[in-house]
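Any read-out appearing in this document is the output of simple, stated calculations on the displayed coordinates, not a laboratory observation. Here the structure is a predicted model, which means the values were calculated and not measured. Using ideal geometry, Cβ is built from the backbone for each residue, glycine included, and neighbour counts are taken over all protein chains shown.
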Amino acid sequence: MSTINPNGKEIFSVETELAGQKLSLEVNRVGFRTTASVLARYGDTVILGSVQIGTRPVKLDYFPLSIDYEEKMYAAGKISGSRFIKREGRPSEEAVLIGRIIDRPIRPLFPKGYRQEVQVVTTVLSMDPNFRPDMVAMIAASTALMLSGAPFDGPIAGLRVGQVDGQFKAFLSPEEREQSALDLVVAGKDGGITMVEAGANEVSEEVIGDALEWAHQAMQPAIELQKQLFEKVQPAMQEYELVLPNEDIQAEVDTWVDGKFGSDLRKAYPERNSVVNEIRWDFHNHFREKFGEDRYSELRDEYDEAFTMALHKDVRRGIVEDNLRPDGRQLDEIRPLSSEIGILPRVHGSSLFTRGVTQGLNVVTLAPLSYAQMVDTMEVNDGQRRYMHHYNAPGYTVGEVKRMGGAGRREIGHGYLAERALEPVLPSVEDFPYTIRSVTEIMSQNGSTSMAATCSSCLALMDAGVPIKRPVAGIAMGLMMDGDTPYVLSDIADAEDFAGDMDFKITGTERGVTAIQMDMKVHGLPADILRMALEQSKVGREFIRQHMVTTIAEPRDKMSPYAPRIDKIKINPDKIGAVIGKGGEMINKITAETGAQIDIAEDGLITVAAVDGDSIEQALQWIRDLTEEPEVDKVYEGKVVSIKDFGAFINIMPGTDGMVHISQLANERVEKVTDVLSEGQIVKAKITGIDERGRISLTLKDVE
């Protein structure tokens, strides 16, 4: 029996099995005024995917698509842990990153020149805690776009894949994700893979290739389900016009440019950029003279876009026909490399990594664990980020004037990629009890800045004395498809990225891969081509790593004199109260008298930070005295705190008293306790026993 919504439309759903659970897609229940909306449900996760398309084209030189992922705390049964902010505000970095993951496989599937405003919003209404909801959101976004009638060459689906007991699995539980050495996101169509992102604990390229194939096959039911829903709904297709250079103009420009381009353009950057700019200037002067100033001012933007298209064609032609890249390199050749460390005098660690014209300056700062970032999202409950990588790239790095502002989606994404690249080789908190902040300031850009950030961050960490397990290097790979023939490029520059079909960034050690980010402009590629790119990247990555170890092969054994000194001690968690004291009295006293900063974890790990070793040792000794467990047959120095007829009580450590019976005061007979002891007297006593109630028996006999 059909259900009818208040607007007289039928509410219906389709469902299938995906990775062992039911996936359902429902339309016409909510979102009556959107261009299209769908409720996607998987387990107890429910996500609203909505699409709104503008009514007319906008005069922009890019496709105005926005894709947002909206976290709602109520979906997880949470209220924000912030003391002051309780309603959702700006998206968290985690939400921004998921929005990017959804955006990247969708954006290339619209036709070039499409200029309608398209807004996609995925809202998490209910979250099953047994798995992450991001891939359900990707399916919801794709389905809504399919039902909107937009010229979207979908559908797509995505899976987050790990490896449990040697077997690939999607929708892992939090416990399974912790155990898995691989966290791989794969998006694809029925005909191929369109996007990859991964964090990995030195996983081999072969395993990643197998996981790509497995994921693409496993996501097919979700793709088929969207097609099934599309056939049921039969949405009206949107009318649109593509904003493309006039074919006659493009042909005219191609002819002019072909006469100018040639071997003279195969030059190293930045000389090539200068030559291109001179040709572009001559190009505009030529057509300005042909049409006149007034007429050409109306045509300039169209001619300029045609010039850029001709430039991209020349890049592709050189690679396909001559196996020669825009800067004259061979397909697998890496740009010139140089590295320096310790270039900034007062910071805790620094490096400068240069690859061609791309250059990243990295600075590492160390601090006590209390400086870790609190993470308060829908998915994470009171988590912390102990290691942070931040990426900055102002306009001057590409020779442009841009307004300075906060980090955008690109900066957040690039920083996160470099962060994931280094996480697998960081020391444990127990071995290195520091909060680590790594900041990459891009000095110059010409492709692969996120990989420059990875390499410079690794060098700066070693310069700071952070005991990473092994050096990590990164490389960006490109691809040109000529029919069915792939041309894989190592270490791509901007011109190859703009003209190419794939941007594939991969990082790792000599043992395996630590992070991946891959985007495609073609509408899907088979896994065997991606395997080819993975294998070629391994050679280039190792070449870069070998260069890095000539600059610094392993972490410094001494930290900067300006870095805080931190030591640690592990205590019985039951003793934490003794260190803190009533109302924080004891810990405040230790801090005031030693000058040390003390951080206490719930598991009993205490870190002590100070500018000098003496302050740390004083604080550690104080903590040892407060938390030491009494041991039988061990001698303690203590103060007599109370005298009774039958014996005396002696404080042998802070908060711990023992009783010495009158018979244990001396080897000879003692008539009165006061004949031997007086209150306040300092004596040495040995523990002879501790009963089941924790009462301590002492003796003064035969104690040296």
**OP:** Return a whole-number percent for the relative contact order of region 112-183, with Cα pairs under 8 Å and 6 or more residues apart as the contact set.
**Re:** 27 percent
Subject >> Flagged links, alpha-carbon separation over 18 Å, of Lys639/Lys684; Lys575/Lys644; Lys634/Lys701; Lys639/Lys686 >> reply: Lys575/Lys644
Original post:
Mind listing the phi-derived Karplus ³J(HN,Hα) values for region 573-585, rounded to whole Hz, using 6.51, -1.76 and 1.60 with θ = phi - 60°, and x for any glycine or proline?
Top reply: x, 5, 9, 4, x, 5, 6, 6, x, 5, x, x, 4
**OP:** List His284, His547, His216 from most exposed to least, where exposure is judged by having the fewest other Cβ atoms within 10 Å.
**Re:** His284, His547, His216
**OP:** Determine the shape class of region 247-322: with a ≥ b ≥ c the square roots of the Cα gyration tensor eigenvalues, call it rounded for a/c under 1.5, and otherwise prolate if a/b is greater than b/c, oblate otherwise.
**Re:** prolate
**OP:** Would you list the P(r) distribution for region 505-644, with all Cα-Cα distances sorted into 5 Å bins from 0 and each bin expressed as a whole %?
**Re:** 2, 7, 12, 11, 9, 8, 8, 7, 8, 8, 7, 5, 4, 1, 1, 1, 0, 0
Original post:
Which GluC sites (Glu not before Pro) from region 226-276 combine a DSSP loop assignment with at most 12 other Cβ atoms within 10 Å?
Top reply: Glu239, Glu241
Original post:
Can you give the Rg to Rh ratio of region 565-627, both from alpha-carbon atoms, with Rh computed by the Kirkwood formula?
Top reply: 0.92
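I'd like to compare 28-38, 548-558, 154-164: which one has the highest average count of other Cβ atoms within 10 Å, and what's the full order after that? Mind showing how you got there, number by number?
Working: 28-38: 18.7, 548-558: 14.3, 154-164: 23.9.
Descending packing order for the listed peptides: 154-164, 28-38, 548-558.
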Original post:
What is the chain's relative contact order, in percent, from Cα pairs under 8 angstrom and six or more apart in sequence?
Top reply: 10 percent
**OP:** Could you work out the Rg to Rh ratio of region 635-699, with Rh taken as the Kirkwood radius (inverse of the mean 1/r over all Cα pairs)?
**Re:** 0.93
**OP:** Taking the Cα centre of region 3-233 as origin, sum charge times position over the Cβ atoms of Lys and Arg (+1) and Asp and Glu (-1), and report the length of that vector in debye to the nearest 20.
**Re:** 1340 debye
Subject >> Nearby aspartates and glutamates by direct alpha-carbon distance to Lys232 (threshold 12 angstrom, same-chain neighbours under 8 apart not counted) >> reply: Glu10, Glu26
Subject >> Cross-link partners of Lys267 among lysines (Cα-Cα below 22 Å; sequence separation of 8 or more within a chain) >> reply: Lys313
Subject >> Residue among Ile590, Val522, Ser615 farthest towards the positive dipole end of region 491-638, charges placed on Cβ >> reply: Val522
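Direction-averaged shadow area of the convex hull around the Cα atoms of region 337-551, nm²?
13.4 nm²
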Original post:
Applying the Karplus parametrisation 6.51 cos²θ - 1.76 cosθ + 1.60 with θ = phi - 60° to the phi angles of region 352-358, what ³J(HN,Hα) value in whole Hz is obtained for each residue in order, glycine and proline being reported as x?
Top reply: 10, 10, 10, 9, x, 8, 7
Original post:
Sequence-distant or interchain residues sharing an amide H contact under 5 Å with Leu698, placed H: which?
Top reply: Met659, Val660, His661, Thr688
Original post:
Want the number for Thr255 to Glu176: 0.36 nm per residue separation, take away the alpha-carbon distance, what's left?
Top reply: 22.6 nm
**OP:** State log₁₀ I(q)/I(0) for region 102-236 at q = 0.16, 0.17 Å⁻¹ as given by the Debye formula over alpha-carbon point scatterers of equal weight, solvent excluded.
**Re:** -0.84, -0.93
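To the nearest 20 debye, what charge dipole does the chain have about its Cα centre, counting +1 at the Cβ of each Lys and Arg and -1 at the Cβ of each Asp and Glu?
For the chain, the charge dipole is close to 1260 debye.
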Subject >> Amide H contacts of Ser444 (H built 1.01 Å from N, under 5 Å, at least 5 apart or other chain) >> reply: Gln359
**OP:** Place +1 on the Cβ of every Lys and Arg and -1 on the Cβ of every Asp and Glu in region 184-253, take the dipole about the Cα centre, and give the residue among Gln234, Val207, Val186 whose Cα lies farthest towards its positive end.
**Re:** Gln234
Subject >> Partners for Lys538 among lysines (Cα-Cα distance below 16 Å; same-chain residues under 8 apart left out) >> reply: Lys505
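Based solely on its DSSP helices, what 222 nm [θ] is calculated for the chain when runs of n ≥ 4 H residues each add -39,500 (n - 2.57) and the sum is averaged over all residues, nearest 500 deg cm²/dmol?
It comes out at -10000 deg cm²/dmol, rounded to the nearest 500.
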**OP:** Considering Cα pairs under 8 angstrom that are at least six residues apart, work out the relative contact order of region 247-322 and quote it in whole percent.
**Re:** 51 percent
**OP:** Compute the Cα gyration tensor for region 173-318, then decide on rounded, prolate or oblate, letting a ≥ b ≥ c be the square roots of its eigenvalues: rounded whenever a/c is under 1.5, prolate when a/b is larger than b/c in the other cases, and oblate in all that remain.
**Re:** oblate
Original post:
Which angle between 0 and 90 degrees, to the nearest 10, do you get for helix 134-148 versus the longest principal axis of the chain when only C-alpha atoms count?
Top reply: 20 degrees
Subject >> Listed residue (Gly54, Pro111, Leu147) projecting farthest to the positive dipole end of region 3-233, Cβ model >> reply: Gly54
Original post:
Taking the Cα centre of region 565-627 as origin and charging only Cβ (+1 Lys, Arg; -1 Asp, Glu), how large is the dipole, in debye to the nearest 20?
Top reply: 100 debye
Original post:
Please identify the trypsin sites (Lys or Arg not before Pro) of region 87-118 that satisfy two criteria: DSSP loop assignment and at most 11 other Cβ atoms within 10 Å. Which are they?
Top reply: Arg87, Lys112
Subject >> Long-range HN-HN contacts of Lys72 with modeled amide H, under 5 Å >> reply: Val124
Subject >> Cα long-axis angle, helix 93-106 against the chain (0 to 90 degrees, to the nearest 10) >> reply: 30 degrees
Subject >> Cα long-axis angle, helix 220-233 against the chain (0 to 90 degrees, to the nearest 10) >> reply: 50 degrees
Original post:
Out of (i) 38; (ii) 41; (iii) 33, which label holds the value of percent of Cα pairs over 44 Å apart that was computed here?
Top reply: (i)
